[in-house]
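The values are calculated or read from the model by the stated rules, or taken from the named source; none is laboratory data. Remember, predicted model here, so these are calculated numbers, not experimental data. Every residue, glycine as well, gets a Cβ built from its backbone with ideal geometry; the counts of neighbours run over all protein chains shown. Heavy atoms of the whole protein, side chains included, go into the accessibility calculation; ligands, DNA and RNA do not. Shrake-Rupley method; radii C 1.70, N 1.55, O 1.52, S 1.80 Å.
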Amino acid sequence: MNDTVVLVVDDAPQSLGLLCHTLQENGYTVLVARDGASALERLDLATPDVVLLDAMMPGLSGFETCRLIKQDAALQHIPVIFMTGLSDTNHIVEGFACGGVDYVVKPVRVQEVLARLATHVRNARAVRLAREAIDVGGHGVLVVDAKQRVAWRSPQAQRWLSAFFPDTDGLPRDWLDGGDEVAERVSVAADGRALVARRLGPVGLGEVMWLIALRAADAAVPSRLGTASLTPRETEVLSWIAKGKTNRDVGEILGMSPRTVNKHLEHVFEKLGVETRAAAAALASREGL
């Protein structure tokens with residue numbers, strides 16, 4: 001039994017009668033809105049699994065409506081598929097830029113729409129379950145793009161960031177300065193609670209993922225090295241790197257080739273959540289290795 005809810009947004013919904021009828025025949029629950037403002041009102045009352053959105057409408061255009069949907073953390077996971085009669089590449093690009101996942105050309109081909117809906121709904125549900133698992137685990141996730149803008153954040157991350165940084169959209173700019181060398185940032189509230197953001201590394205073209213957690217006021221600060229599960233050999237290699245030794249120096253000291261040293265370092269970087277030799281050495285020195 002299909003329990004998927006589809007919100008169809010079009011200023012002339014009668015032209016989509018066959019599509020809506022076919023969706024209902026295939027078990028979809030269909031909600032209809034005639035413009036962008038009405039669509040946003042519907043979203044305040046019910047959360048659909050997918051939105052079919054006309055690109056060009058009077059009042060709020062489909063592009064503007066999509067941007068507003070994607071600005072709401074509670075709605076960001078909903079895939080938006082544009083319906084457009086436009087063949088202009090600029091409009092297609094704009095649809096993707098404002099958060100759409102796909103588009104179909106009017107007059108729509110019903111079977112094509114059904115296939116695209118099934119794929120995007122399945123993918124969105126898998127992502128949503130993963131995000132919910134992150135929140136249940138007591139962590140938040142934030143993805144920042146190459147221009148230091150928030151590309152996505154989990155609901156838990158949004159709650160914490162809004163509480164600690166009500167005047168910013170995401171992490172404060174000074175937290176992001178430093179590029180790859182920034183491994184972890186901590187902000188302490190007046191009540192002693194600490195918000196800890198750990199840079200996990202790149203996850204896409206220019207995008208970086210941060211793992212965010214809230215630490216109680218009386219919680220001990222965990223040792224990064226203590227929780228990284230380094231092997232004894234990896235610990236030795238890191239120790240010498242922290243002392244300023246080159247791979248060749250470490251190889252001679254520990255009786256291994258520079259290439260083997262580099263392999264150990266790759267594992268160290270991954271376990272510590274850093275990407276450079278300097279960041280690993282700084283972390284080891286800070287924790288007294």
Q. How big is the charge dipole of the chain about its Cα centre, in debye rounded to the nearest 20, if each Lys and Arg gets +1 on its Cβ and each Asp and Glu gets -1 on its Cβ?
A. 920 debye
Q. Rolling a 1.4 angstrom probe over the protein heavy atoms, how many square angstrom per residue are accessible across the chain?
A. 52 Å²
Q: Taking a cut-off of 20 Å between Cα atoms, list the lysines near Lys271, but don't count ones fewer than 8 places away on the same chain.
A: Lys243, Lys263
Q.
If DNA, RNA and ligands are ignored and the probe is 1.4 Å, what is the ranking of Asp167, Asp10, Asp44 by accessible area, most exposed first?
A. Asp167, Asp44, Asp10
Q: Just check the chain against the gyration tensor rule for me: Cα atoms, a ≥ b ≥ c as the square roots of the eigenvalues, rounded for a/c under 1.5, and otherwise prolate or oblate depending on whether a/b exceeds b/c.
A: prolate
Q | Local electrostatic count, Gln14, Cβ distance below 15 Å [Lys/Arg +1, Asp/Glu -1] | A | -2
(Q) Can you tell me which lysines have their Cα less than 28 Å from the Cα of Lys70? Leave out same-chain residues fewer than eight positions away. (A) Lys106, Lys147
**Q.** Sum of -39500 (n - 2.57) over DSSP H runs of 4+, divided by residues of the chain (222 nm, nearest 500)
**A.** -13000 deg cm²/dmol
Q. So what are the ³J(HN,Hα) numbers for the range 21-28, from phi and the Karplus equation (6.51, -1.76, 1.60; θ = phi - 60°), rounded to whole Hz, Gly and Pro as x?
A. 5, 5, 4, 5, 5, 8, x, 6
Q: Show Val110, Val105 ordered by accessible area, largest first, where the area counts protein heavy atoms only and the probe is 1.4 Å.
A: Val105, Val110
**Q.** Thr47 accessible area, 1.4 Å probe, all protein chains in place, Å² to nearest 10
**A.** 80 Å²
Q | Rounded to 10°, Cα long-axis angle of helix 232-242 versus longest principal axis of the chain | A | 80 degrees
Q: Over the range 1-112, with every protein chain in place, what whole percent of the accessible area is carbon and sulfur at 1.4 Å, could you tell me?
A: 53 percent
Q) Where both partners of a DSSP beta bridge lie in the chain, what percent of those bridges are antiparallel, to the nearest 5? A) 55 percent
Q. Considering only the other residues whose Cβ falls under 12 Å of the Cβ of Asp49, what net charge follows from Lys and Arg at +1 and Asp and Glu at -1?
A. +2
Q. Summing +1 for each Lys or Arg and -1 for each Asp or Glu, what net charge is found among the other residues whose Cβ lies under 13 Å from the Cβ of Ile241?
A. +1
**Q.** Shape of the range 5-61, Cα gyration tensor, a/c cut at 1.5
**A.** oblate
